[in-house]
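The values are calculated or read from the model by the stated rules, or taken from the named source; none is laboratory data. In this text, all values refer to a predicted model and were calculated from it rather than measured experimentally. Please note: Cβ atoms are built from the backbone with ideal geometry, for glycine as well, and neighbour counts cover all protein chains shown. Just so you know, the surface numbers come from the protein's heavy atoms only, side chains and all, with ligands and any DNA or RNA stripped out. Shrake-Rupley method; radii C 1.70, N 1.55, O 1.52, S 1.80 Å.
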Amino acid sequence: MRSENDERENGQRMRALIFTLGQRNEPHIAYRMFGTDSEFERERVYHLNVLEDGTAVLFGKLRGDIERARTLLEEDADVLGYSISGQGSRSGLVFVHARPPPEIKRFLQLPRTHEVFFDFPIEGAERGGLRVTMIGETNSALQEALADVPAELDVTVERIGAYPEVGGNVVSLLTDRQREVLDVALDLGYYDVPRKATHRDIADQMGLSVGTVGEHLQKIEARVFNGIVS
């Protein structure tokens, strides 16, 4: 059996652990704005980090009632500063400096105590929370970090395997559900020229709403495109 050192010496690709990080409905702003039952959806997090003073900064894209988001941020005592660059009444870029919940703070500090790091951007999960990709040299390093995720957070592991490199199989970046949507879209000729299917056709085939199909396809196309050009 090959050791972890043997894997590194033989050019073993970096390993990636993909999991959904669920958030509980708590009074903290992190849950009020981005929880499963929230009226907001954190589409993508471009930066998330704990500062030396224990506070955290977040920069990402928010979709939902932007004015309601401003109200929540303005009223919350844990928010030390924020700005929202509106892209319309339903979408905007958001920067937040806040005191994080203890469990979120401990989670963000995992790269300081384990030989792992988070892959950005981080995307919102389909039913709330975040879909996180954690990268390390070996599976055991990733599993040790996963074991230290605070018990207050709900973790659902999707897969662990080689980290997709440039020119690799970009479809491996998709969730199982996104692969299902992509398979149906391809079967129905959605990507044919001329196009032979619509969002409605895919929705009817899968028993989904047209809006859900549109969101899936948008994320599929963004993820595959980013995997090609990154």
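Of note:
- 3J(HN,Hα) along the range 135-147, derived from phi through the Karplus expression 6.51 cos²θ - 1.76 cosθ + 1.60 where θ = phi - 60°, amounts to 10, x, 6, 9, 4, 5, 5, 5, 5, 5, 5, 4, 5 Hz, with x in place of Gly and Pro.
- Shown is the FRET efficiency for Asp148 and Gln218, computed with R0 = 35 Å from the Cβ-Cβ distance and rounded to the nearest 0.05: 0.55.
- If the chain linking Leu93 and Val157 were pulled fully straight, counting 0.36 nm for each residue of separation and taking away their Cα-Cα distance, it would gain 20.2 nm.
- Partner lysines whose Cα lies under 18 Å from the Cα of Lys61, excluding those fewer than 8 positions away in the same chain, are identified as Lys219.
- Computed accessible area, Lys105, all protein chains, 1.4 angstrom probe, square angstrom: 70 Å²
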